[in-house]
Structures are given as structure tokens and as C-alpha cells.
Amino acid sequence: MIFISKFLPYGKQCIDQEDIDAVADVLSEDFITQGPKITEFEEEIAKYVGAKYGVAFNSGTSALHGAYFALGLDKGDEMITTPNTFVATANAGLYLGAKVNFCDVEKQTGNIDASKLEANENTKLITPVHYSGNPVNLKEIADIAEDNDARIIEDGAHALGAKYNGKKIGSLKYSEMAMFSFHPVKHITTGEGGIIVTNDEEYYERLQLFRSHGITKNNLVNPRDGDWYYEMQHLGFNYRITDIQCALGLSQLKKLDSFVENRRKIAEKYNGMFEDNPYFDVVKENPDGESAYHLYPILLKEKYANHKKEIFSKLRSEGLGVQVHYIPVYLQPYYQNLGFNKGLCPVDEEFYKRELSIPMYPTLTDEDLEFVQEKLYKVFSEY
Ligand SMILES: *Cc1c(COP(=O)(O)O)cnc(C)c1O
């Protein structure tokens, strides 16, 4: 007899037959890259979040690179982001030769702490991350940006479907652009993929150039040499997404509202189950917003945080696919070599010490949630 034990990952994609059919269908079309599905997907995402334009990329990371380029981030410029993010948020600034600074986070949410944001006249860009899907205080950040003539690009990789002051993240009231990722653990997937939304036509055009080698047939610098003529005007990349991926994205997008609704219901159930538990705290939703709950982070109380390494391994062997989000970016060896030191953002270092992400995805059942609680309490009670 084979014994198959239960294992719940911290996040995973939800693909159904409709998605599979959508991908299969596009394979018999004339275009499998650079066809109509890309534009359709871009328009639908922009419409969903309430922005004018969308430009899709082959990853969230390349999308961020494109957005920072479109803004004009360059050598000698400075940007500020949070250390509580995936490395890509900061790396995209380094790709362009900018200087990256980090601002500490709020203890209860892990979001960038606007009260600690110190911009100056060299600060060109501030990139907040809506950590776990919980919106940052955009208005406060925008006030600081405005005082220093800096611009905001939102890393919304966790926040597709989240709201701030009643408007979706991506509606761009306080920012120039916002990025969403379609990696399989995110809210909807295209395999790999990402998008930038913006309301600005100039950014829109620069984003399109950047993702396709910096090549254009419009606004030529030299006389047009013939119908074949194109110009490479910037050092762009091949960051294009395919029609195959966008067919999947369009099919997934139909289900996004129900995915977000399920995530919010699961979070509400977890909040109820974990109320007053002796082991850990949960992240508080921004009272001015609605989280899209990409993650459900728990923050271990000190006694347990001191044993996180063993607790992590034990939970894994009990079938709970916990994960840690995130190692403070500037503690990575590459950033240490740039001169960043431990102690730079003490609240984030403490957050990192306490944080565990427990399973959160739309198809978790009530039985799964009970399994999560049972395993957590079992392991924690050993300490
Ligand atoms: C996933 C993620 C990215 C990068 O997106 P990819 O599509 O994986 O390249 C950037 N920032 C954050 C916060 C993310 O979670």
C-alpha cells in the first residue's frame, strides 16, 4: 500500500480545463507570439485595475526594469525601496546604474514605514511594495515624494485586486506606474509574465520600445529608407511575452475576482481561528484598504521566533509548506558587497526573524485550514 501524505504549499496556481483549452486553441492561430492576445490581455488588465494603458512583459522583473527605464532612472539617480521584498524590486534599479536605498518597515504589517522615509533632491524614484497584498499608505508616501520631486512606481506583485481608499491598486492616483506579476504563485498566472500599467502616453511608448530591443517604426530619427525600415533608438531587450501566455492570462483573468474573494474569505477564517493564540500575531489589514492576500504571514512571538529554524523544518515534515518572506534584500551577499551593513533596517530584521508564510491560495478547503491550525499548534506547543 502506498501512503500519500498531505502537503499544502504556501501558494500555488489554479488552472482548470477552460485555461488549458484557451492555451491549446491559440496554438493553431496564425500568431503564437506578438499577436492579438497580447493587446487584448493588456487592455483587460488595465481596465480591471482602472488604468489607461498596459504593457505586458515576460516577467514581473523585466516589467520593473522597463518601468524604471521609462521613468528615466539612470546612473547617478537614487531610488528608495523596502528591504521586505523579492530582490527584483531593488535589482531593477541596479540594472540601470542607479543607487538603491532602503527604508525600514512597519512592525505590524511589514510594509514600508512612511514615517521613516527620507527622500532628498537626488531621489528620483520611490518603489513601495504592497507586502502580502496589504496596501501601503500611498497618500503619505506621495506627500514625501512630492516634497522631493520624486516619482512613485508601485510594485503590486502581491496586490492584484487589492484596494486603497476604495480604488484598485493600479488606478494610479498617487503613482506613475504599477507592476503586477503573473508568476504561478501570484493571483493569476501566465507561467512567467508581468505587466506595467500607466496613464501616461510617453511612458507607454517607452515601455513598448524597451521590451522589444528599443526598435521602432515610428518617430524616426533618420529619413525612412523604405517600407522595411526600422530604427533602434535605445538599448532595449527582448522582454516580450507570447500570445500563448496571454491566452492563459485572459482565461485566468475571468476568475480573478473569485480568486481574490476566496483569498479574503480564507484570511477572515484564519483571523478568527488564530485570535488570541499564544504563539504568533497576524498581519493587520490597512484600515484604508483591502488586502488581496497574496500571502498570509504570521509573526512568531519571541520565544518561538528564537526556534524558527527547527519550527520551519518540523512544519515542513508535518506537511505544511511554510515559507519565509523575505530575507532583507540588503543582507544578500551581492548587496553586502555594495556596502550595506546589518542593522540598516532593524524593524525589518526583526520582522524577518519572526515571519512565516502559511498556505494561502483560493482552493484551500475548510478541512485544509483545520489541518494548518492543527499542525501549527502541534509544533508550537513543543516549545
Ligand atoms: C514575484 C515578485 C516580483 C517579480 O516578479 P517575477 O514575475 O517573478 O519576475 C517582484 N516583486 C515582488 C514583490 C514579487 O513578489
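Of a type in the set (Asp, Glu) and more than 13 Å from the ligand (Cβ to nearest atom): does that describe Glu154?
On the way: of a type in the set (Asp, Glu): yes; more than 13 Å from the ligand (Cβ to nearest atom): no.
For Glu154, the condition - of a type in the set (Asp, Glu) and more than 13 Å from the ligand (Cβ to nearest atom) - is not met.
Take the residues in the stretch 80-90 that are touching a Leu at 6+ places or on another chain (Cβ under 9 Å) and either at pLDDT below 95 or within 16 Å of Cys345 (Cα to Cα) (or both); name whichever of them is nearest to the ligand (Cβ to nearest atom). Lay out the reasoning, then the answer.
Here is the first cut: in the stretch 80-90, the residues touching a Leu at 6+ places or on another chain (Cβ under 9 Å) are 80-81, 83, 88-89.
Imposing the further condition that a residue be either at pLDDT below 95 or within 16 Å of Cys345 (Cα to Cα) (or both) reduces the set to 80-81, 83.
Numbers: Ile80: 15, Thr81: 10, Pro83: 12 Å.
The qualifying residue nearest to the ligand (Cβ to nearest atom) is Thr81.
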Options Leu94, Leu125; residue that is within 16 Å of the ligand (Cβ to nearest atom) and more than 24 Å from His294 (Cβ to Cβ): Leu94
Ala63 being out of contact with any helix residue (DSSP H, G or I) (no Cβ under 8 Å at 6 or more places or on another chain), within 16 Å of Tyr204 (Cβ to Cβ), small (Gly, Ala, Ser) and within 16 Å of the ligand (Cβ to nearest atom): yes
Selection count, the stretch 191-228, where residues are closer than 25 Å to Tyr164 by Cβ and surrounded by 16 or more Cβ atoms within 10 Å (Cβ to Cβ): 11
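Just checking, how many residues over the stretch 158-186 are assigned to a loop (DSSP other than H, G, I, E, B), within 14 Å of the ligand (Cβ to nearest atom) and open to solvent by less than 10 Å² (accessible area, probe 1.4 Å)?
Start the filter on the stretch 158-186 by keeping residues that are assigned to a loop (DSSP other than H, G, I, E, B), which leaves 158-162, 165-166, 169-176, 182-186.
Next, from what is left, pick out any that are within 14 Å of the ligand (Cβ to nearest atom): 158-160, 162, 169, 182-186.
Still in the list and also open to solvent by less than 10 Å² (accessible area, probe 1.4 Å): 158-160, 162, 169, 182.
Of the residues in the stretch 158-186, 6 are assigned to a loop (DSSP other than H, G, I, E, B), within 14 Å of the ligand (Cβ to nearest atom) and open to solvent by less than 10 Å² (accessible area, probe 1.4 Å).
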If you go through the stretch 83-113 one residue at a time, how many are buried (at least 23 other Cβ atoms within 10 Å of the Cβ) and within 19 Å of Arg211 (Cβ to Cβ)? 3
Are any residues in the stretch 326-340 under 20 Å from Pro297 (Cα atoms) and out of contact with any Ser or Thr (no Cβ under 7 Å at 6 or more places or on another chain), and if so, which ones? Ile327, Pro328
What is the number of the single condition among (1) in contact (Cβ under 8 Å) with a residue 40 or more places away in the chain; (2) open to solvent by less than 80 Å² (accessible area, probe 1.4 Å) that Val324 does not meet? (1)
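The values are calculated or read from the model by the stated rules, or taken from the named source; none is laboratory data. Fair warning: this is a prediction, and the values are worked out from it, not measured in the lab. Here the Cβ is made from the backbone with ideal geometry for all residues, glycine too, and neighbour counts use every protein chain on show. Note: areas computed on protein heavy atoms with side chains; ligands, DNA, RNA excluded. Shrake-Rupley method; radii C 1.70, N 1.55, O 1.52, S 1.80 Å.
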